[in-house]
Structure formats: structure tokens, C-alpha cells
Amino acid sequence: MKKVGHGFQLLASGELAYLQAPLLAGSGEALHGFSTRRGGVSSGPNSTLNMAYHTGDEADCVAENRRRFLERFNLQWRDTVSGIQVHGTDIAVVQSGNRGEGALPRSAKLRCDALLTVEPNVTLTAYAADCQLLFFLARDRSLAAIAHAGRQGALEGMASKVIAFINEKYGISAGDLLVAMAPAICGRCYRVDEKAAAQFRAAGWDKGPYLEATGTGDYYLDLGQINKAQILGAGVGLENLAVNRWCTSCEADLFFSYRRDKGSTGRMIGFITLTA
């Protein structure tokens, strides 16, 4: 099962459905993936492949879901690293000693929305259900990162900050990065009020395709377009960018969506790990 022509392609292993970006998969330097809601053991609003402990799901179900998904890539779910996502733009560099942080309930230690590593076999993870996850891989430089870029992250320039951090700390230019944008809520499903719109106007995102009036008093906000503009503006070449064309709100059979499901829903997981 495969959907061609997207930045991420839909794949399946039995009942388990997941997505990968050929741009990253073809590098041969890292494993990565983005889960869907198919192939797990959770029920109710978390049905079936919920990856987050904080959604009212049973912890044993979340652990089994993570095991099923990551086992597909021969990875151990207990060794993953995740941060406490606070909708900011802080970046944490992690290493082998951080393995296991976030794998069990209340075990995450880092309060940040982006994780970066230069060590192989350190599996970075992040979670979303409308917000966009961004995957970064430096070709031939053994560096990988994952970032959670929702409304606040996009407003504060998460994508460009990660790219600048990589350049400043490791001397890696934007032109040497591969970047993939995971599924997120689209600009026609995501509406914001005047207060939020004013913040984006003040930041320079004051027209289409970033921000457009609906005609009914609120605004369409396209986080994907803003993140894309930041990535390209930071110097990543379009040929090195896997642009998302999936909407988590539109594709109810594939994705959890916080907006669509009015807050009662599960979460998808994205991961990236260097293999050498």
C-alpha cells in the first residue's frame, strides 16, 4: 500500500500502517517513520495506535503500541528519547545516556520541542495530532534532529532555529541538510481567532497562503506553509525538502486530530535514529 507523489508515503505491515519520506529513507544513514492510527490495541478516542500516555489511554496499551510500531524497524521502544513538549523552540542535544527518557510514563526529563543527536542508535521521538513534526538529517555528517512545530513553534521560528543551531554548533550548512515535513492539519481545516491572527501578522505572516480571512470573522492559518517558508528561507534547497501534502484533520481514518476530535484523541509518533 503506497501513496506516490507525497513527501511522505503510506506503507503497511499487516494491520500496521505508517509513513516514511523517500528523501530520508534513500539516504541510507538513518531510520525514520511517522505512525498513523492503524494497527494498535487502544480503544475509544485513542483507537487504535495511540502513542501518548497523557490522553487517558491505558499505559500498557501505549507501551504495546510503541512496541509494535518500533519493532517494525528493529528498534527497542524502551530505548527511545522524548522531551516534554511545551510548544516552545528550545533544542536539546541528546546522547546514549539519555536513552529511555520518555519511554515510560513520567520518565521524560527534557522540557523542549526539538531533539538533536550526533550519536548512532539514539532514537529521537516526538508526538503530534495536528502540529507538524520536522525531521532533519545532515548528509555524511552523522547528525539527526526532530522538532515539534505547532502554532507557537511556527510563530517563533522553530524550523529556522533548528537549522541555525545546527550551523552554529556543528558548522553544517543548510544546503547539506535533508528535511521532511510530517502530516499536519491543513490550512483549510485550521482556523484561528483575531488574537492569534494578529500575532502572525506581526511576525510577517500576514497574507496568503499563510494567513487568510475566512469571511466569517476568523482566519485560515497554514502552519505547513509557514514551516516550509522558514526551511527554504534558511537555505535548504527545495530538492532536499520533502513537503507534506497530508492533512491530519481531513484523513480521519489515518490520523488523530486534536482539532477535529475536540481534544479527545490519541497522538502519532515520529522518530529518527542514525544508523552509522
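The values are calculated or read from the model by the stated rules, or taken from the named source; none is laboratory data. Fair warning: this is a prediction, and the values are worked out from it, not measured in the lab. As a convention, Cβ positions derive from the backbone with ideal geometry for all residues, glycine included, and neighbour counts pool all protein chains shown.
Mind counting the residues in region 190-199 that are crowded, with 20+ Cβ neighbours inside 10 Å and within 21 Å of the chain's Cα centre (by Cα)?
Of the residues in region 190-199, 1 are crowded, with 20+ Cβ neighbours inside 10 Å and within 21 Å of the chain's Cα centre (by Cα).
So which helices (runs of 4 or more DSSP H) stay within region 151-205 end to end and still have 2 or more residues that are hydroxyl-bearing (S, T, Y)? Working first, answer last.
Numbers: elements: 151-155, 158-170, 194-202.
Filter on region 151-205 gives 158-170.
Restricting region 31-57 to residues that are outside any loop (DSSP other than H, G, I, E, B) and in contact with a Ser or Thr (Cβ under 6 Å, 6 or more places away or on another chain), which is surrounded by the most Cβ atoms within 10 Å (Cβ to Cβ)?
My answer is N46.
I'd like to know if region 134-150 contains one or more residues that are part of a helix (DSSP H, G or I), among the hydrophobic types (A, V, I, L, M, F, W, C), modelled with pLDDT of 95 or more and crowded, with 17+ Cβ neighbours inside 10 Å.
No, there is no match, as no residue in region 134-150 is part of a helix (DSSP H, G or I), among the hydrophobic types (A, V, I, L, M, F, W, C), modelled with pLDDT of 95 or more and crowded, with 17+ Cβ neighbours inside 10 Å.
Which of the residues spanning region 71-117 are of a type in the set (D, E, K, R) and in contact with a His (Cβ under 6 Å, 6 or more places away or on another chain)?
D113
Just to be sure, is F135 under 14 Å from the mean Cα position of the chain (by Cα) and of a type in the set (F, W, Y)?
yes
Name the single residue, out of those in region 1-26 being at pLDDT below 95 and crowded, with 17+ Cβ neighbours inside 10 Å, that is farthest from M181 (Cα to Cα).
Checked region 1-26; the qualifying residue farthest from M181 (Cα to Cα) is H6.
Give all pairs with beta carbons closer than 7 Å in which a residue from region 70-99 that is over 17 Å from A114 (Cα atoms) meets a residue that is among the hydroxyl-bearing types (S, T, Y) and surrounded by fewer than 20 Cβ atoms within 10 Å (Cβ to Cβ); count only pairs at least 6 apart in sequence or on separate chains.
Qualifying pairs under 7 Å: R72/S13.
State which residue is surrounded by the most Cβ atoms within 10 Å (Cβ to Cβ) when the search covers only region 86-111 and only residues that are more than 22 Å from Q132 (Cα to Cα) and of a type outside the set (D, E, K, R).
For region 86-111, the residue satisfying everything is N98.
Pairs needed: first member in region 215-226, under 17 Å from C131 (Cβ atoms); second member anywhere, assigned to a helix (DSSP H, G or I) and among the aliphatic types (A, V, I, L, M); C-beta distance under 6 Å; at least 6 residues apart or different chains.
Between residues of region 215-226 that are under 17 Å from C131 (Cβ atoms) and residues that are assigned to a helix (DSSP H, G or I) and among the aliphatic types (A, V, I, L, M), the close pairs are L223/A154; I226/A154.
Which of the residues that make up region 191-238 are of a type in the set (D, E, K, R) and in contact with a helix residue (DSSP H, G or I) (Cβ under 8 Å, 6 or more places away or on another chain)?
D206, D218, listed by residue number.
What's the total number of residues in region 231-248 that are in a loop (DSSP other than H, G, I, E, B) and under 22 Å from F69 (Cβ atoms)?
Restricting attention to region 231-248, the residues satisfying the condition of being in a loop (DSSP other than H, G, I, E, B) are 234-237, 243-246, 248.
Among the residues that remain, those that are also under 22 Å from F69 (Cβ atoms) are: 244, 246, 248.
Here the count works out to 3.
When only residues in region 101-128 that are of a type in the set (G, A, S) and in contact with a helix residue (DSSP H, G or I) (Cβ under 6 Å, 6 or more places away or on another chain) count, which is farthest from Y170 (Cα to Cα)? I'd like the intermediate steps shown before the answer.
To start, the set of residues in region 101-128 that are of a type in the set (G, A, S) comprises 102-103, 107-108, 114, 126, 128.
Retained after the next criterion (residues that are in contact with a helix residue (DSSP H, G or I) (Cβ under 6 Å, 6 or more places away or on another chain)): 103, 114.
Values: A103: 28, A114: 16 Å.
Applying the filter and picking the extreme gives A103.
I'd like the full set of residues that are surrounded by fewer than 18 Cβ atoms within 10 Å (Cβ to Cβ), under 18 Å from R188 (Cα atoms) and of a type outside the set (G, A, S), limited to region 210-245.
Passing the criteria: E212, T214, T216, D218, R245.
Listed here are the residues, each with its yes/no results for (1) free of Cβ contacts under 8 Å to residues at least 12 places away in the same chain; (2) out of contact with any Leu (no Cβ under 8 Å at 6 or more places or on another chain); (3) on the phi > 0 side of the Ramachandran plot.
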{"position": "S173", "(1), (2), (3)": "no, yes, no"}
{"position": "C189", "(1), (2), (3)": "no, yes, no"}
{"position": "R201", "(1), (2), (3)": "yes, no, no"}
{"position": "L211", "(1), (2), (3)": "no, no, no"}
{"position": "I231", "(1), (2), (3)": "no, no, no"}
{"position": "S264", "(1), (2), (3)": "no, yes, no"}
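Among the residues of region 62-85, write down those that are farther than 21 Å from L110 by Cβ, over 16 Å from the mean Cα position of the chain (by Cα), crowded, with 19+ Cβ neighbours inside 10 Å and not polar (S, T, N, Q).
R68
Here is a check on your reading of the model: is T265 out of contact with any Asp or Glu (no Cβ under 8 Å at 6 or more places or on another chain), buried (at least 20 other Cβ atoms within 10 Å of the Cβ), assigned to a strand (DSSP E or B) and among the polar types (S, T, N, Q)?
No.
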